[in-house]
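Participant: Please read through the structure below; I'll follow up with questions.
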Amino acid sequence: MVFVDLKPDTLDDENRKFIQNPLRHPLFLNSIPKSGSHLLRNIMRMFVPVEQQYKDQFVQQQILDKHRGAFNPERKLLSWGHLMFTDASAIASASARMIILVRDPYDWVIAQARFFASDEFKTGLDALKDGSLSMGALFNMMIFGVHQIAPPLGATFVYTAVAWLGTGAHLVRFEELLSAVKDIESEQSERFFGELFEACGIERPSDWRERVRIGADPKQSSTARENLTVSIDFPKELPEMQRRLVDYSAPGLRQLLGYQ
């Protein structure tokens, strides 16, 4: 079994300090795990009435049948999750505008490994946390999968992101989102969020920068890097061999997503 220790945030209270306009259609934030899911979700929560936010669950394929209400065109809800592309998910989410959040696969391997090695991620597999594995072995598990715990990198990206391309979904790269957040006063940031809000069908309010700052505060995300408890030191860049293994396991992926 896999458990993630998540702490509550205060964004509902922050949200109610601003005038909110109701969504006119369902909006789904779909993302590769460990690609900034909580960052994007928390930012967008500052632009949608609390009453229109579907908080029952991160919507995923294995629980889709229980959470189809997130896409009900009559309720017009903001929801989020890691939803694979299948006939069932495509039909269920057909009425929703969809954002697809991805991350450079090279950096994703490190982020995924750091999360697996954190105290907040509980699998019972202590070897991922105690440093008994070499860094290369840990990275290779992220690339090729962990039996009964996590799928390979290629399958994760293909079914949660790539297969949604060309369906009307709007692609967002984590690196561009993070850059826009950090340089919120820049023209590049204004352009980025303008395109994002347009894709979401949200009219950008004059106080959008303040809302973004609140939603992007790492204190509001228990899975942010700053809030993970990790005893292993990870490199800033993926080693050359693991880069080659990423390219071998998912050829053409980085280029397709705009990273080459």
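Participant: Could you run through the range 19-41 and say how many residues are more than 25 Å from Leu153 (Cβ to Cβ) and either in contact (Cβ under 8 Å) with a residue 40 or more places away in the chain or in contact with a Ser or Thr (Cβ under 7 Å, 6 or more places away or on another chain) (or both)?
Facilitator: Residues meeting the conditions: 8.
Participant: Which of the numbered conditions does Thr223 fail, given that it passes all the others? Conditions: (1) part of a helix (DSSP H, G or I); (2) modelled with pLDDT under 90.
Facilitator: Here Thr223 clears every test but (1).
Participant: Oh, and also: Go through (1) surrounded by fewer than 22 Cβ atoms within 10 Å (Cβ to Cβ); (2) outside any helix (DSSP H, G or I); (3) touching a Pro at 6+ places or on another chain (Cβ under 8 Å) and name the single condition Gly136 misses.
Facilitator: (2)
Participant: Within the range 144-203, which helices (runs of 4 or more DSSP H) (wholly inside it) include 1 or more residues that are in contact with a His (Cβ under 8 Å, 6 or more places away or on another chain), modelled with pLDDT of 95 or more and of a type in the set (A, V, I, L, M)?
Facilitator: Working: elements: 153-160, 174-182, 187-200.
Output list reads 187-200.
Participant: Next question. In the list Arg24, Arg97, which residue meets the criterion of being under 20 Å from Leu165 (Cβ atoms) and charged (D, E, K, R)?
Facilitator: Details: Arg24 fails: under 20 Å from Leu165 (Cβ atoms).
Matching residue, one of Arg24, Arg97: Arg97.
Participant: Okay, next question. Let me confirm something: among Pro73, Pro8, which residue is under 30 Å from Pro235 (Cα atoms) and part of a loop (DSSP other than H, G, I, E, B)?
Facilitator: After applying the criteria, what remains is Pro8.
Participant: Related question: Look through the range 77-127, keep the residues that are of a type in the set (D, E, K, R) and either at pLDDT below 95 or part of a loop (DSSP other than H, G, I, E, B) (or both), and return whichever of them is surrounded by the most Cβ atoms within 10 Å (Cβ to Cβ).
Facilitator: In this case the residue turns out to be Arg103.
The values are calculated or read from the model by the stated rules, or taken from the named source; none is laboratory data. Every value quoted in this text rests on a predicted model; they were computed, and no experiment measured them. All Cβ positions, even for glycine, are placed from backbone atoms using ideal geometry, and neighbour counts span all protein chains on display.
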